[in-house]
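Worksheet for the structure shown next.
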Amino acid sequence: MTTAKALDVTVPGRARRMATAAVLLGLVMAAFETTVVTTAMPTLTAELGGRNLYAWVFTAFFLASTLGVLVSGGLADGIGRRATFLGGLSVFLLGTILCGFSQSVPELIAFRMLQGLGAGALQPTTLTIASDIYNLKERAAIQSIFTGSWGAASVVGPILGAFLTQHASWRWVFWVNVPVGIAAAILLQASYRDPPRAKTHRLELAGPLLAGSTLALTLFALEPHHLAGALQLLAALGSAAVAVVLVHQQRRSGRPVLPLHLLRDPTVLSGVVGGLVAGGVLYGTTAYVPLWLVAHGQRTALTAGAALVPLLVGWAVGSALGVKLLLRGGLRASAAGGFAVATVGAVLLAFALVRGWGDVATFASLAVLGFGLGPAASTSIFASQQRVPWHQRGAVTSALYACRMLGGSLIIAVLNLAQGQLPLQATLLAVVPFVGTLALLRVAPPTLAGEHTESSAEVVISK
């Protein structure tokens, strides 16, 4: 029989190592889901006869993920991190298995929404758990392990996805995540306990549903192929109307998606900006670079998958340096500086693709892009997490992750508007990190703000 007691997060031990392993496996799943599946999409949509729905395979996932992210923030702070993690993981694995059995692209899109709903609950909760068991200075040291594991999975992911697509079936790119998810569930169940809560939690669904509806209507308004002009206009007006209702609802809500007063903190506001920009660049790149290489460059699925490897390796290396930059120079160094480097990489990528500079130049530009994105994306979340108390950390982490998903959804939708116009698409993608650089230079605090004084040592770890 196990007993549980409060454990200072600075004290290492077997239980904390197990909880860390569960978080790492969660990050591995996220990396696999992004890279393994992406490299199979050109083959998958061609086989199932739905290339015109290509963008919606990603958009549906992001839309559902955004809803999952927004709901999970309140759940993580209310019913606990462990229950939210395990619940999200179960939904994610169910959707993953069903995706592998899809017989058409519309069916795949439906299952991707289920998968995305679970992933939305899972992904920010792993980051919240990590912030619970490690303080910011410790994360500067542990980040190399996190990014090393994420980077290794990201490197293996595109190659494994392309290999499975060419030599087995694209269906296996979904099923490969199942054993990883089961292992993560076992480890977290055995090691991590939430602190007791004094009052029962009331689930707040109105805010997440209104936010999800606003995003869905916005994406429909941007869909160029399946809605008539009048319907697009109606969707845009509906999005604006629901957004107004959302703002009023959030002001009255006892459990807002993101407590509005926190946006007065420049660090949290910078996290919102960083999430939007990083999500737009990351998901736009991973969704469209394989398609560009296959459709315009006549590359094989294996080459298209390998193109994402330097992007993700660069991300992992940059993230490992990100916390050190954050501690020394604040968000202007780690996030604004990171987006500036990403801008250089995105511009080089645009030239390499449009002018046909070849695979070496394309891969090198993706590495530079990833090297800049890594510190910008990770420290935007880390710094914000440390500025809020434990009981709001889940909500803030989820809100920032939702911003990342929102940015990804919007940029993919915008790129889809320019479908078939590679120069315009590549230019639009390069503009995004440049805008992020300018915005963060304006809103980010000049130095790193101090951590919130409430201890996170109330986390309970099984022994």
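The values are calculated or read from the model by the stated rules, or taken from the named source; none is laboratory data. These numbers were taken from a predicted model, which means no experiment stands behind them. Methodologically, a virtual Cβ is constructed for each residue, glycine included, from the backbone with ideal geometry; neighbour enumeration extends over all protein chains shown.
Odds and ends about this structure:
- Any hit, region 263-280, residues being free of Cβ contacts under 8 Å to residues at least 60 places away in the same chain and in a helix (DSSP H, G or I): yes
- Just one of the listed residues (LEU246, LEU203) is at pLDDT 70 or above and either touching a Gly at 6+ places or on another chain (Cβ under 9 Å) or in a helix (DSSP H, G or I) (or both), namely LEU246.
- Selected residue [free of Cβ contacts under 8 Å to residues at least 40 places away in the same chain and in a helix (DSSP H, G or I)] from ARG332, ARG393, ARG328: ARG328
Per-residue answers, yes or no, for (1) in a helix (DSSP H, G or I); (2) within 14 Å of ILE129 (Cα to Cα); (3) in contact (Cβ under 8 Å) with a residue 12 or more places away in the chain; (4) among the acidic types (Asp, Glu):
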| residue | (1), (2), (3), (4) |
| --- | --- |
| PRO42 | yes, no, yes, no |
| ALA46 | yes, no, no, no |
| THR59 | yes, no, yes, no |
| LEU67 | yes, no, yes, no |
| VAL71 | yes, no, yes, no |
| ALA76 | yes, yes, yes, no |
| THR84 | yes, yes, yes, no |
| SER90 | yes, no, yes, no |
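- Unique match (being in the same structural domain as ASN177 (by TED's automatic domain parsing) and on the phi > 0 side of the Ramachandran plot) among GLY68, GLY80, GLY87: GLY80
- Count - residues of region 410-445 that are part of a loop (DSSP other than H, G, I, E, B) and modelled with pLDDT under 80: 3
- Answer from GLY338, GLY407, GLY322, GLY372 - the residue that is in a helix (DSSP H, G or I), free of Cβ contacts under 8 Å to residues at least 60 places away in the same chain and under 23 Å from LEU438 (Cβ atoms): GLY338
- Residue selected from region 180-198 under the condition more than 16 Å from GLY88 (Cα to Cα) and either out of contact with any strand residue (DSSP E or B) (no Cβ under 9 Å at 6 or more places or on another chain) or acidic (Asp, Glu) (or both), by the criterion modelled with the lowest pLDDT: ALA198
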